[in-house]
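Every number in this text was worked out from the coordinates using simple rules, so none of it is lab data. This one's a predicted model, so the numbers in the text were calculated from it and none came from an experiment. Ideal geometry is used to build each Cβ from the backbone, glycine not excepted, and the neighbour counts take in all protein chains shown.
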Amino acid sequence: MAKTLYDKLFDSHVVREENGTALLYIDRHLVHEVTSPQAFEGLKIAGRKLWRISSVLAVPDHNVPTTDRSQGIADPISRLQVETLDQNCVDFGVTEFKMNDKRQGIVHVIGPEQGATLPGMTVVCGDSHTSTHGAFGALAHGIGTSEVEHVMATQCLVQKKSKAMQILVEGELGRGVTAKDVALAVIGRIGTAGGTGYAIEFAGSAIRSLSMEGRMTLCNMAIEAGARAGMVGVDDITINYLKGRPYAPTEAQWDAAVVYWKTLHSDAGASFDAVVELKAEDIQPQVTWGTSPEMVTAINGRVPDPEQESDPTKRGGIERALQYMGLEANTPIEAINIDKVFIGSCTNSRIEDLRAAAMVAKGKRVASNVKLAMVVPGSGLVKAQAEQEGLDRIFLDAGFEWREPGCSMCLAMNADRLEPGERCASTSNRNFEGRQGQGGRTHLVSPEMAAAAAVAGHFVDVRTML
Amino acid sequence: MQAFTQLNGIVAPLDRANVDTDAIIPKQFLKSIKRSGFGPNAFDEWRYLDHGEPGIDNSKRQINPDFVLNKPRYKGASILLTRENFGCGSSREHAPWALLDYGFRAIIAPSYADIFFNNCFKNGILPIILNADVVDGLFQAVEADEGYKLTVDLATQTVNTPDGQSYAFEVDAFRKHCLLNGLDDIGLTLQHVDDIKTFEIKHKAAQPWLFN
Ligand code: SF4
């Protein structure tokens with residue numbers, strides 16, 4: 001029978017199954033400082049060990065400062081959390097890229113960068129954006145801390161099979177239209193709960209022509225559509241990306257792996273529980289206007305009018321969002337001025353994202369009404385690569401700040417945050433109330449659009465600047 | 001984990017859809033390395049008028065009198081009634097920890113985000129799905145009647161109203177078993193050590209590069 005990619009990945013990891021609930025074997029477990037301390041503590045209390053130490057890779061990312069790190073972390077509570085991770089990794093023998101290791105970075109950037117995420121794997125991490133790793137034809141999703149502890153102790157996850165959804169994007173994306181815009185357009189279409197209960201496979205010619213960076217951006221946002229896992233089938237782009245990465249297999253093992261990896265795509269005629277189709281040509285650069293990623297429109301659109309919404313729950317949601325965001329109904333998106341710009345996060349902080357933003361910023365200046373425009377590379381290696389290409393100079397010359405890698409203002413657990421009422425063009429993935437700082441107002445966009453907004457001082461169609 | 005069998009409790013209505021985990025417990029409280037003590041900061045940004053940080057004395061803060069959980073009539077509530085897609089956003093288990101620490105043992109909503117839903121069961125909270133019309137009716141009943149209580153019975157899978165109505169809900173058999181008995185997943189899984197080892201040997205033979 002023709003199988004979906006999801007079927008192949010799930011079925012090949014089932015240890016046992018009872019009443020539709022499977023024990024799923026986990027190949028890779030990524031760990032960061034925020035969701036792991038209680039899990040390690042649980043193991044210690046119960047006197048349990050890690051089942052397979054080599055499957056675990058740890059990195060601090062959420063709490064680390066993005067400014068000078070030579071003095072360590074100033075906030076004592078953040079520092080304790082990072083030190084707790086360091087100590088747990090020593091106690092349990094786990095490999096950790098510590099804060100001052102040049103391989104340190106956002107967990108979802110370093111996994112793929114190291115080749116620690118491979119096709120055919122099951123990957124988990126105590127973080128919802130683990131869906132990112134599905135870009136490699138892997139089954140990857142976020143888990144809670146109890147499950148982190150469970151995987152540590154048993155190498156397995158108790159899991160029910162999801163339904164399968166295919167999101168088909170055929171055609172060619174226009175200039176200045178990116179994977180981020182595809183992701184936001186998809187969420188705009190199906191809603192933030194549209195993928196709940198599903199594993200999403202992204203397919204179609206527009207997806208095939210995306211780079212690995214673009215595919216990661218897309219799968220990263222699958223969780224914002226409610227799906228725990230997003231994935232893309234393996235092709236030559238996947239394989240070429242992985243060759244020579246530190247954790248990737250070599251020589252005969254590489255050859256054997258490639259043969260297997262090439263089978264990791266949905267079979268012709270495989271059936272999905274739901275199919276959503278988008279035409280690539282219809283997708284415009286996107287900007288969110290509200291407090292949920294589904295509150296999104298095209299750059300040439302307007303802030304919606306709650307009066308036009310008949311469903312009372314939705315109308316209430318729009319009214320509340322506009323009030324929080326400080327926006328008037330029917331305002332053109334291009335008329336919205338911004339205070340800050342954040343280019344970074346596990347969605348858009350890879351080398352290609354930085355190149356794209358730099359291309360827009362090159363030779364220009366950040367507008368005078370923009371108080372802060374910051375670029376936070378996803379990892380130390382991305383940062384080094386960008387500096388080698390001179391991207392840091394382009395940003396600095398244009399008036400952007402160039403920072404050390406980490407989650408930073410994506411969730412503002414460190415010192416990088418919005419003040420109440422400040423409005424930000426952000427390449428991150430969540431525009432919830434208070435996400436980037438209490439009272440902060442987040443508009444999600446692509447790196448190109450964020451750079452364009454920084455230069456203009458308000459949202460602007462980046463296609464007019466290319 | 002605390003077992004869940006039957007619960008008779010005050011119902012607090014949170015009339016919003018898409019309540020996300022950042023709202024349930026803002027990120028600054030995620031810096032804790034403990035599992036407990038999150039209750040005073042559940043819904044922090046809605047519940048207080050001033051900004052909260054870990055380590056500060058919450059009893060000295062400015063309460064938002066308009067926020068529903070601050071109304072005296074919902075004091076001591078153990079059942080949270082809310083709308084669609086509750087718990088969307090991050091995978092942080094701090095969200096169910098905060099709700100539990102606040103005193104909620106059951107939630108009633110038309111739908112939940114997947115990871116949050118799953119995390120509830122691991123922490124002795126029962127997330128109940130009732131259809132949107134029933135939830136609407138419950139919102140009206142709670143509003144109309146101060147001190148309104150519901151009885152949740154996991155064994156019979158019913159939510160029972162004071163006027164004798166009974167609403168059935170679905171729950172996965174395995175999760176029900178664990179919740180009724182307060183069972184820890186890890187202990188259960190470790191009963192299958194041999195199966196895991198057998199699988200691992202086969203898996204390693206087929207894809208040795210996964211074990212480098
Ligand atoms: S960058 Fe943002 S979304 Fe990604 S892991 Fe860090 S905090 Fe989470």
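Structural remarks
- Length available on full extension from residue B:34 to residue B:173: 0.36 nm per residue minus the Cα-Cα distance, which gives 47.0 nm.
- Cβ-Cβ FRET estimate between residue A:300 and residue A:369, R0 fixed at 25 Å, reported to 0.05: 0.70
- As a proxy for reagent exposure, ranking A:368, A:379 by other Cβ atoms within 10 Å from fewest up yields A:368, A:379.
- Label-reachable residues, the stretch A:166-202, where backbone N falls under 17 Å from a point 7 Å from residue A:281's Cα toward its Cβ: A:169-177
- Using alpha-carbon coordinates, inclination of helix B:132-144 to the longest axis of chain B, degrees: 40
- Over the residues of chain A, the helix contribution to mean residue ellipticity at 222 nm works out to -9000 deg cm²/dmol, using -39500 (n - 2.57) for each DSSP H run of at least 4.
- Given R0 = 25 Å, the distance between the Cβ atoms of residue B:191 and residue A:160 translates into a calculated FRET efficiency of 0.85.
- Neighbouring partner chain Cβ atoms per residue of B:203-210, average, 10 Å criterion: 6
- By the rule of a C-alpha distance below 17 Å, with chain neighbours fewer than 8 residues away ignored, the lysines paired with residue A:279 are A:180.
- For residue A:245, the shell of other residues with beta-carbons less than 13 Å away shows a net charge of +1, using +1 for Lys and Arg and -1 for Asp and Glu.
- The calculated 222 nm mean residue ellipticity attributable to helices in chain B amounts to -8500 deg cm²/dmol, summing -39500 (n - 2.57) over DSSP H runs of n ≥ 4 and dividing by all residues.
- Exceeding the 21 Å Cα-Cα cut-off - candidates A:8/B:202; B:71/B:122; B:122/B:176; A:44/B:197: B:71/B:122; A:44/B:197
- Calculated over the stretch B:91-186: convex hull of Cα atoms, volume per residue (Å³): 110
- Looking at chain A alone, DSSP beta bridges between its own residues are antiparallel in about 25 percent of cases.
- Convex hull volume of the C-alpha atoms in the stretch B:136-212, normalised per residue: 181 Å³.
- Using bins of 10 Å that start at zero, the share of Cα-Cα pairs per bin across the stretch A:370-415 amounts to 27, 52, 20, in whole %.
- Rounded if a/c under 1.5, otherwise prolate or oblate - the stretch A:328-461, Cα gyration tensor axes: oblate
- Flagged links, alpha-carbon separation over 32 Å, of A:49/A:163; A:383/B:60; A:98/B:27: A:49/A:163; A:383/B:60
- Within the protein assembly as shown, the percentage of alpha carbon pairs spaced more than 51 angstrom apart rounds to 6%.
- Order of B:97, A:289, A:254 - criterion: other Cβ atoms within 10 Å of each residue's Cβ, fewest first: A:254, A:289, B:97
- A straight line joining the Cα centroids of the stretch A:317-366 and the stretch A:205-264 runs 28 Å.
- Once you divide the Cα radius of gyration of the stretch B:6-181 by 2.2 N^0.38 Å, the number left is 1.00.
- For A:397, A:416, order by how many other beta-carbon atoms lie within 10 Å, fewest first: A:397, A:416
- Couplings for the stretch B:116-126, taken from phi via the Karplus curve 6.51 cos²θ - 1.76 cosθ + 1.60 with θ = phi - 60°, read 4, 4, 4, 4, 4, 4, 6, 10, x, 9, 9 Hz in order; Gly and Pro are left as x.
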